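S.K.: Below is a structure I'd like to ask you about.
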Amino acid sequence: MAARLVKVKLDKVSSISEGSQEDVKDSATVHSIPPLGEPLESRKSFWGRTQRSPDLDAIATQPSVFDDPVSLETYRPPAAYENSHRFDPLARWTWREERAVVRKIDRKIMFFATLMFFCMDLDRSNISQANTDNLLKDLGVTTDDFNLGNALYKGCFLIAELPSQLISKRIGPDVWIPTQMVLWSIVSFSQFWIRNRAGFLATRCMLAFLQGGFIPDMVLFLSYFYKKNELPFRLTIFWTSNYLTDIVGAFLATGILKLRGRGGHYGWQYLFLIEGLATFVCGITAFFLMPPGPTQTKARWRPKGWFTEREETIIVNRVLRDDPSKSDMHNRQGLSPKMIWESLKDWHLWPIYALGATHMIPTNPPQTYMTLTLRNLGFSTTISNLLSIPAQSWFSEHIDSRVGATVILQFWMLPILAALTTFNKQTSHWAWWTLVTLAVGFPYVHPIQVAWASTNSFKVSTRTVSASVYNMFVQLAGIIASYVYRSDDAPYYHRGNKALLGVTCMNITLYALVWLFYRTVNKRREKKWNSWSEEERREYLKTTKDQGNKRVDFRFVY
């Protein structure tokens, strides 16, 4: 169920009420207002939404709150908003122009954002490939020490999430994200020199402190350019680099780990050094390729910018028509303590936070220990890395029903975990590999839930905080999951898999409750809104103190 703001169409979306026509005539005649585009017809089912292809030369500008004089003044962007000079409620454009602009944004913004996430994931996940080169034995650490390292990483990552997001909101993600990348890359390639347990744990902590907040920072940055129905798919592409990292990382590790013994160094040392230096180069490049916003792409090294004035007008107005709340803060405006507190206590987002804390627990232990399990079953370092490749080729498909899309992960893991509780030393090695590969190749629903939290925030300050808080709960899930598989339960982890099976059943129930929660809230608001007369609705819009998702005319995604 898609979220929406109930537009002040009242009876017809793009019409202007008779009582308000005099207000419009003060600045323009009714006849001078350009026509709006027709909403795309679509067929909705449980599995998604199929839209007919529009006439590319038809008007693409969709109806919004800016088409009514009362709600126009309610939602008009303030002068401090960095894109306010491109806001024009009378701006119109065609589908051909809009599609060309979106493709350009994908090339200029989305591609490099995905590359940056690829680098981050390479630096945080290459510990798995390093494990296959006897990292634990070389450093003199145990499996429990490795668990502790994972827990410390996730804990430090969690702690850094919100502070990093607040810094990013104050100085701009175009400055903070490249700074993060350069700093963590230095720590990453410095792992070349670690020699013991203390060094292993220290670098895990430092890496997490510097990487924490990168993901919500990037989500906020991308929201400047994309509409809310476009963001989930782009985030799915964004997280596709997660799979790409594992595929490319496996190939890189296969070659780099063969350097073991060269110059008296281990293969895993070269792995950390080479991949960390690659991220350092990407971080330096990011200072030059990340613009502050859609109307701020000009720079000394890019004097003409990326977008024409016409393209900037299309970008700004299409995004604001889709979500007017995106103009309530500028991109260099920090959050006050009061704003942070108000965002934290927004209980309408707590159900999504709860899902963040539990939905990945059934997948984390099998994913983390896949290469170790395969190696324990007799596969070599090279084969262990190469056999993990097919498990990473499952790409999550964006579908409109958030609960319907995301609960699929739990039903995917249910039979797999049930089977893993019965496997033993008589089980074929290839049967082990097949089931563990299926466990790691789960449908990746995390991007949809990140966009879900962003859409349900409906306020820049809340969106800033909710992105961090949601990811903090995801990191908390990682900490919990890191203690499910214990050394005394190895190598089959029957006790751990039974625990994961119970969590999976709990998650299915939780998704059903979240669906019921948002459906109930929406129905109550719909009933209240429909009970008001046209004048009462307009009076509410003029006088209400409700903000963000607390507005009666806002409907939640579910």
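S.K.: In the neighborhood of HIS494, defined by Cβ-to-Cβ distances under 13 Å, what is the net charge if each Lys or Arg adds +1 and each Asp or Glu adds -1?
M.R.: So the surrounding residues net to +2.
S.K.: Give me the percent of the accessible area of the chain that comes from carbon and sulfur atoms, probe 1.4 Å, all protein chains in place.
M.R.: Accessible surface attributable to carbon and sulfur in the chain totals 61 percent.
S.K.: When ranked by the protection proxy of mean other Cβ atoms within 10 Å per residue, highest first, what sequence do the peptides 460-473, 157-170 form?
M.R.: 460-473, 157-170
S.K.: If you don't mind, another one. What fraction, in whole percent, of alpha-carbon pairs in the chain exceed 42 Å separation?
M.R.: Within the chain, distances greater than 42 Å cover 25 percent of Cα pairs.
S.K.: What percent do you get for the relative contact order of the chain when only Cα pairs under 8 Å and 6+ apart count?
M.R.: Value for the chain: 23 percent.
S.K.: Please give the FRET efficiency for LEU56 paired with ARG486, using the beta carbon to beta carbon distance and R0 = 56 Å, rounded to the nearest 0.05.
M.R.: The calculated FRET efficiency here is 0.40.
S.K.: Next up: Please work out how much length the chain gains when fully extended from GLU38 to ASN530, using 0.36 nm per residue of separation minus the C-alpha to C-alpha distance, in nm with one decimal.
M.R.: 174.7 nm
S.K.: When the helix-only estimate is applied to the chain (DSSP H runs of n ≥ 4, each -39,500 (n - 2.57), divided by the residue count), what is the mean residue ellipticity at 222 nm, nearest 500 deg cm²/dmol?
M.R.: So the helix-based figure for the chain works out to -19000 deg cm²/dmol.
S.K.: Going by average Cβ neighbours within 10 Å, how do the peptides 524-537, 79-92 rank, with the highest at the top?
M.R.: 79-92, 524-537
S.K.: Between beta-carbons, use under 13 Å as the cut-off and find the net charge around ASP121, counting Lys and Arg +1, Asp and Glu -1.
M.R.: -2
S.K.: Tally Lys and Arg at +1 and Asp and Glu at -1 over the other residues with C-beta under 10 Å from the C-beta of ASP144: what net charge comes out?
M.R.: Value of the local net charge: -1.
S.K.: If R0 is 30 Å, what FRET efficiency do you get for ARG302 and ARG96 from their C-beta distance, rounded to 0.05?
M.R.: Calculated transfer efficiency: 0.70.
S.K.: Stretch ALA431-HIS494 to full length: gain in nm at 0.36 nm per residue minus the Cα-Cα span?
M.R.: 21.1 nm
S.K.: While we're looking at this one, here's another question. So, in nm, how far is label ILE171 from label SER84 when the simple model puts each one 7 Å beyond its Cα toward the Cβ?
M.R.: 2.6 nm
S.K.: Suppose each label sits 7 Å from its Cα in the direction of the beta carbon; what would the ASN134-ILE274 distance come out to in nanometres?
M.R.: Going from the ASN134 label point to the ILE274 one covers 2.0 nm.
The values are calculated or read from the model by the stated rules, or taken from the named source; none is laboratory data. Values in this document were obtained by computation on a predicted structure and should not be read as measured data. Please note: Cβ atoms are built from the backbone with ideal geometry, for glycine as well, and neighbour counts cover all protein chains shown. The accessibility values were calculated without ligands, DNA or RNA, using every heavy atom of the protein model including side chains. Shrake-Rupley method; radii C 1.70, N 1.55, O 1.52, S 1.80 Å.
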